[in-house]
1. So in the range 147-178, with the set limited to residues that are surrounded by fewer than 17 Cβ atoms within 10 Å (Cβ to Cβ) and basic (Lys, Arg), which one is nearest to the chain's Cα centre (by Cα)?
2. How many residues are among the basic types (Lys, Arg), more than 13 Å from the chain's Cα centre (by Cα) and in a helix (DSSP H, G or I) when one looks only at the range 130-146?
3. Can you confirm whether the range 90-100 contains a residue that is of a type in the set (S, T, N, Q), within 23 Å of His26 (Cβ to Cβ) and at pLDDT below 80?
4. Hey, any hits in the range 15-38 for a residue that's farther than 23 Å from Ile122 by Cα, modelled with pLDDT under 85 and either within 17 Å of the chain's Cα centre (by Cα) or in the same structural domain as Lys153 (by TED's automatic domain parsing) (or both)?
5. Take the range 36-52 and flag every residue that is surrounded by fewer than 19 Cβ atoms within 10 Å (Cβ to Cβ) and either hydrophobic (A, V, I, L, M, F, W, C) or assigned to a helix (DSSP H, G or I) (or both).
6. Please count how many residues of the range 1-46 are closer than 20 Å to Cys82 by Cβ, charged (D, E, K, R) and touching a Phe, Trp or Tyr at 6+ places or on another chain (Cβ under 9 Å).
7. Phe189 versus (1) exposed (fewer than 13 other Cβ atoms within 10 Å of the Cβ); (2) modelled with pLDDT of 90 or more: which is the lone unmet condition?
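The values are calculated or read from the model by the stated rules, or taken from the named source; none is laboratory data. Every value quoted in this text rests on a predicted model; they were computed, and no experiment measured them. Ideal geometry is used to build each Cβ from the backbone, glycine not excepted, and the neighbour counts take in all protein chains shown.
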Amino acid sequence: MNQSDDKALFKKITDGDVKAFEALFHAYYGNLCRFASGIISDNEMAEEIVQNLFVKLWEKRTQIEVETSVKNYLYRAVKNQCINFIKHNNIKIDHLQNIQTEKAVQIQPDEIFLELELAKKIEQSIQSLPVKRREIFILSREEGLKYTEIAQKLNISLKTVEAQMGLAIKTLREKLKNHISFLILFLCFHKN
């Protein structure tokens, strides 16, 4: 489903069209569940997160504004919910560790929390980029704008956008060299 189809579908959903909502659900549900499961390593919770997202989407359909693409909006919303889930679990684990007796077995963080650490490292690396380069990177990778759209929006040349993106990706590769496979997935997934 392309961006213009998504936007037309979302407009119908905003107007209360149940069939359009079902079409959007069927188009993205499976992929969003796999995406969420890859972040939190829990298939059931991933499904619950995605289901909750669609429930909220329907309930707040008249209030939601999608500025880039519906696809980016959905994936970003799922990513944020997964991070919230992980943070909440971290708090619960910290609390349990604090109340354990010395004889109790220590709770070991699961692989779930490695994903959060990697996400934090990526976010820190992105935030460490020079302001303009960071802005260009975020517009491209997180908001899904094409290089030409970024050039127009920021009133700069296409060559500048390409150069800044190249430098941003190079910097991230250097800073995250110990997590290169995760970085490659991140960069590929968020590619224009």
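1. Taking the range 147-178 and keeping what is surrounded by fewer than 17 Cβ atoms within 10 Å (Cβ to Cβ), we get 148-149, 152-160, 162-163, 166-167, 169-170, 173-174, 177-178.
Those left that are additionally basic (Lys, Arg): 153, 159, 170, 173, 177.
Details: Lys153: 22, Lys159: 27, Lys170: 21, Arg173: 19, Lys177: 21 Å.
For the range 147-178, the residue satisfying everything is Arg173.
2. If we filter the range 130-146 for residues that are among the basic types (Lys, Arg), which is where we start, we get 132-134, 141, 146.
Then keep just the ones that are more than 13 Å from the chain's Cα centre (by Cα); that gives 132-134, 146.
Those left that are additionally in a helix (DSSP H, G or I): 132-134.
Of the residues in the range 130-146, 3 are among the basic types (Lys, Arg), more than 13 Å from the chain's Cα centre (by Cα) and in a helix (DSSP H, G or I).
3. no
4. Among the residues of the range 15-38, not one is farther than 23 Å from Ile122 by Cα, modelled with pLDDT under 85 and either within 17 Å of the chain's Cα centre (by Cα) or in the same structural domain as Lys153 (by TED's automatic domain parsing) (or both), which makes the answer no.
5. Quick first cut of the range 36-52, residues surrounded by fewer than 19 Cβ atoms within 10 Å (Cβ to Cβ) only: 37-38, 41-45, 47-48, 51-52.
Those that are surrounded by fewer than 19 Cβ atoms within 10 Å (Cβ to Cβ) and either hydrophobic (A, V, I, L, M, F, W, C) or assigned to a helix (DSSP H, G or I) (or both): Ser37, Gly38, Asn43, Glu44, Met45, Glu47, Glu48, Gln51, Asn52.
6. The number of residues fulfilling the criteria is 1.
7. Phe189 satisfies every listed condition except (2).
Conditions tested, residue by residue: (1) basic (Lys, Arg); (2) under 15 Å from Leu74 (Cβ atoms).
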residue	(1), (2)
Lys7	yes, yes
Ile13	no, yes
Lys19	yes, no
Leu24	no, yes
Tyr28	no, yes
Ile39	no, yes
Asp42	no, no
Val50	no, yes
